[in-house]
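All of the numbers you see were taken from the coordinates with simple rules; none came from a lab. None of these values were measured; they are calculated from a predicted model. Neighbour counts run over all protein chains shown; Cβ positions are idealised from the backbone, glycine included.
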Amino acid sequence: MSNGVSGADPSGLGPPPHLGTSEPPDGGEKPSFVTRYALAQKAGGIVVPLLTVFLAFLIGGVVVLITTGSNPISTYRAIFDGAGLNWFTEVGSYEIRLPFTDAHVWFPWNVNDIESTAAFNLQQTLINFVPLVLTGLAVGFAFRCGMFNIGGQGQYLGGAIMAVWIGSELPGLPSVVHVLFAVIAGALVGAFWAGIAGFLKATVGTHEVIATIMLNWIAIYTGVFLFSLGGPLQNDTQPFVPVSNDVVEGAKLPIFWGDPFLQALHVGFFVALAALVVYWITLNRTTLGYEVRAVGYNPEAARYGGISVARNYFLAMAISGAFAGLAGAIDTVGWAYRINTNDVMISSQIAFVGIAVALLGRNKAIGIGLSALLFAALVTGTSTRNLDPEIFKPELASNLTVMIQGLVVLFVGADVLILSLFGLRKRRRRQQSEAATE
Amino acid sequence: MDERPVLELRGITKRFPGIVANDGVDFDLRKGEVHALLGENGAGKSTLMNVLYGLYRPDEGEILINGKPAELGSPKASIENGVGMVHQHFMLIPVMTVAENIVLATEPVHNGVLLDYSVAEKRVQEISTRFGLAVDPRAYVRDITVGQQQRVEILKALYRGADILVLDEPTAVLTPQEAQELFAIIKSLTDQGKSIIFISHKLNEVAEIADRITVLRRGKKIETLPAAGATEEGLARLMVGREVLLRVDKGVSTPADPLLQVEGLTVVDDRGITKVKDVSFEVRGGEIVGIAGVDGNGQTELIDAITGLRKVNEGRIQVGDEDVTDEGCRDCLDAGLGHIPEDRQHRGLVLDFSLAENIALHDYDHPPASRLGWLYPKRLTEKAAKLIDEFDVRGGGPQTAAAGLSGGNQQKVILAREIDRNPKVLIAAQPTRGLDVGAIEFVHRRLVEERDEGRAILLVSLELEEILSLSDRILVIFEGEIVGEYPPTVTEEELGVAMTGGGRKAAA
């Protein structure tokens, strides 16, 4: 839409904000998808993500009703319970142990996961929350620099493979050193992996989407090769199982809630929360973040301002990959402890949910945190282990999750549709009628 | 001239949240006349025309076409009512021919399904001969000049049966010669009964082409007056609401040492075409050197090379005592260059950044804006608040996104940023393009002030009037070469000849 008429402002006082901000600069080529997406984001604020989720759940509910005849509301209720979110509603009089002491104090929720299924389910949700936050941040950071990092899977895998390798070797290393080494090395592998795509974009202009997709497959088949029977990192004691060695005790992340022999919540949860803060600070309080955002919004103006666009493409991709690599490393030393060739293909796909997390969270730290929680709850609540099969078959429900996830991505991509559906922006209508005459 | 109005807008009011863009505007258009709509950016011209074109629904008021009330709910309805619009930015498909573009969406068909482009070409030829709009229907749009593309847009409107043509800032993209050709076309259109609404903020051309002029200011109609007898000063006063200085008030220059020296500069563009050939000149402190030329004669490449945005193939560039040949952009800035880029929205500003962030664009990476990579947003805000105040930027504060400002205020932000860095050399490329009278006055005054401060100012402009009124010396660039140097007393005609290559031999 290159329309000089609508581009000029209709008043002497500058244009009303909703008119001026999203008009593309006049006289130029069409803005890229990323630019238009960034503009759409600004226009919608918090309302659109909420509507998006609402609409996705609504459509999901209709599908549940039509295809299975189940009651959508009780189905969602079961997913809610399966995710352990009912834990917060079950208020009572319980005790909690203060960290680093043996003292117990009163607490309104039951933290004992043997007495409370909700507590156990919630732990599972929070375990899923960690990689979703980190892969969401990975996608978000690249987006803020105007790039679409679709290679979270490869970077996650790189981090996971590095972590399992370091974690299963070097026994006898002091625990703190071993864990840190495994996690940091994993993040660096992720940074390196995405950095390749960033470097290619910066130097020869290879589109990052193509490069990261290719790198995903390289990572996947490297992983399959490493852990297949006879592969270099295949298990030393079980020659007929295509799995890595186990991470040694000293290299495992400490557990702070739950039974370590089941799957319990590890301190990676706090790493994820810290990553959200780091993400916000980096973007908003450092010169690096200033450069990244300037390049993301307008590379030409950034160059004119003396910023090296190529350097920022590379750095932003590397940082993005570090988040994804961190996710893989933390999952490995936090609860998975080993990788088999199946995991290489399947588990790493959590990184794709990270795209939905970032899109729904609008690439903002707080938004990514909240949408990671939503998706973690969905993934956990619909898993075979957690969903009450009498209400809805979990095999179907996990598909429901994928469906809702897809709808969210679709709707976020179609912000305009959501906006016009709810009649929030008259401007949108004008644009459509304009488009119709061109 | 027929006195019956073909179009009447009565009491049009259009409100946007917080703003009344049109406030009870009356407007009428008689058959066969050119009625100019004059106003500053943001005065409500565009809103009014969007109402006419069916893009906005007015909150109050009515539209009469040929005396009958018309319901213009969509552009389609407007077209059916004979309203045609030629936008400032053309909406043509470069890879299609002229005829294909014109018949788009109303393609002639034979046997029900097959497109019949020979019929299309014939019809286009008919219309174009009838109104004197010479253009080859078989040429591809990407191959024809901007002036011809505009004719295609006009033909498109006529093809769809327009009797009322709205031309939005039609001369903004044209050379002086092309503008004259356009005026001839407009005459021929009105002679054959078409009526034209001519939107502009250029006073001289409005006085030349229009029969009547309606002035809008802040959404209100100020006056409708006959063009005969209207003076530029009078129109400017109506537009801005106060006395405006149309001529630049400047004293004699006192040139000092050369601050910008360019020697034997040659620049080859990405496609291997030599855009700047062996160019040498200097700009002294305290003088404004203007570079005149037709668009696309190497001005952009010259500026990009000087400011470090483009590789230098041969030659030397010196700022002050420092050789900045092939230094990066950052080093050129640090050597004392200030640069007001020709495209303020694509290059000069990050539109999604706040004003504070935009003002920090060159200085964010060192104290006081930041230290060791840590940014101090509060300091950015403080500095922005100071400059916004000093340069009288209106329409927002330090946290407003740059996209929310009008063009004039955006340019003030850039000006503030570049001047505040206290540069030795200030390069101003098209500094007033698309600005209204008040903003132009501000930019010109400020440039002269900076000259008097002792800065060396290189002004590149396509507007001859601007070059003539600001420059102390004028260089003419043609096909990448400096083909002449003239004093500011030179006439527009002389410059015009030199700009099109006529002066190459006679170069001083």
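Beyond 19 Å in Cα-Cα separation lie the following of the pairs B:Lys250/B:Lys386; B:Lys122/B:Lys194; B:Lys31/B:Lys68; B:Lys383/B:Lys412; B:Lys14/B:Lys412; B:Lys68/B:Lys220: B:Lys250/B:Lys386; B:Lys122/B:Lys194; B:Lys14/B:Lys412; B:Lys68/B:Lys220.
Could you tell me whether region B:372-503 comes out rounded, prolate or oblate from its Cα gyration tensor? Rule is a ≥ b ≥ c as square roots of the eigenvalues, rounded for a/c under 1.5, then prolate if a/b exceeds b/c, otherwise oblate. Prolate. Measuring nothing but alpha carbons in region B:264-379 and taking Rh as the Kirkwood radius, the Rg to Rh ratio lands at 1.02. Calculated on the alpha-carbon coordinates, the convex hull of region B:5-240 measures out at 127 cubic angstrom per residue. How much net charge surrounds A:Val133 when only the other residues with a Cβ under 14 Å from the Cβ of A:Val133 are counted, with Lys and Arg +1 and Asp and Glu -1? In short, 0.
Per-residue Cβ neighbour counts within 10 Å put B:His89, B:His201, B:His110 in the sequence B:His110, B:His89, B:His201, beginning with the fewest. Database remark: amide H of A:Val267 closer than 5 angstrom to the amide H of A:Phe256 (H placed geometrically; neighbours at sequence offset of 5 or more, or on other chains; Pro and chain starts carry no H).
Residue-normalised convex hull volume from the C-alpha trace of region B:344-422: 79 Å³ per residue.
When each of the peptides B:204-211, B:402-409, B:143-150, A:228-235 is scored by how many other beta carbons lie within 10 Å of its residues on average, the order from highest to lowest is B:402-409, B:204-211, B:143-150, A:228-235. The alpha-carbon of A:Lys252 sits under 13 angstrom from the alpha-carbons of these aspartates and glutamates, leaving out residues fewer than 8 places away in its chain: A:Glu169, A:Asp331. Net charge around A:Leu65, counting only other residues with Cβ within less than 15 Å of its Cβ (Lys, Arg = +1; Asp, Glu = -1)? Local charge sum for A:Leu65: +2.
Peptide A:279-290 has a mean shielding of 4, counted as Cβ atoms of other protein chains within 10 Å of each residue's Cβ. Relative to the globular-protein estimate of 2.2 N^0.38 Å, the Cα radius of gyration of the protein assembly as shown stands at 1.10. Ranked by the mean number of other Cβ atoms within 10 Å of their residues, highest first, the peptides B:281-287, B:485-491 come out as B:281-287, B:485-491.
Across region A:52-111, Cα-Cα pairs more than 17 Å apart make up 59 percent of the total. Semi-axes of the equivalent ellipsoid for region A:239-359, computed as √(5λ) from the eigenvalues of its C-alpha gyration tensor and ordered from largest down, come to 36, 17, 12 Å.
Distances between placed amide hydrogens fall under 5 Å for B:Leu375 paired with A:Thr286, A:Thr287, all partners being 5 or more residues away or on another chain. Working from the Cα coordinates of region A:32-437, the gyration tensor eigenvalues give, after taking √(5λ), semi-axes of 33, 30, 21 Å in decreasing order.
Each of B:Asp321 and A:Ser74 was given a label point 7 Å from its Cα along the Cα-to-Cβ line. The distance between the two points is 8.8 nm.
Straight-line cross-link partners of A:Lys364 among the aspartates and glutamates, defined as a Cα under 20 Å from its Cα and at least 8 positions apart when in the same chain: A:Glu291, A:Asp415, B:Asp352, B:Glu357. For the residues of B:340-350, the average number of beta carbons from a partner chain within 10 Å of their own beta carbon is 6.
Each residue, A:Val224 and A:Ala103, gets one label point 7 Å from its Cα in the Cβ direction; the gap between the two is 5.6 nm. For the peptide A:291-299, the mean number of other protein chain Cβ atoms found within 10 angstrom of a residue's Cβ is 4. Evaluated at q = 0.20, 0.34 Å⁻¹, the base-10 log of the normalised Debye intensity for region B:382-424, with identical point scatterers placed on the Cα atoms, takes the values -0.55, -1.34.
When the inverse distances between all different Cα atoms of region A:122-227 are averaged and flipped, the Kirkwood radius reads 14.8 angstrom. Share of Cα-Cα pairs in region B:66-178 beyond 22 Å, in percent? For region B:66-178, the share of Cα pairs beyond 22 Å comes to 35 percent. The loop-placed chymotrypsin sites (Phe, Trp or Tyr not before Pro) in region B:29-94, going by DSSP, include none that has at most 11 neighbouring Cβ atoms within 10 Å of its Cβ. Divide the volume of the convex hull around the Cα atoms of chain B by the residue count and you get 175 Å³ per residue. Give, to the nearest whole percent, the P(r) tail of region B:1-116 beyond 16 angstrom, counting all Cα pairs. Pairs farther apart than 16 Å: 68 percent.
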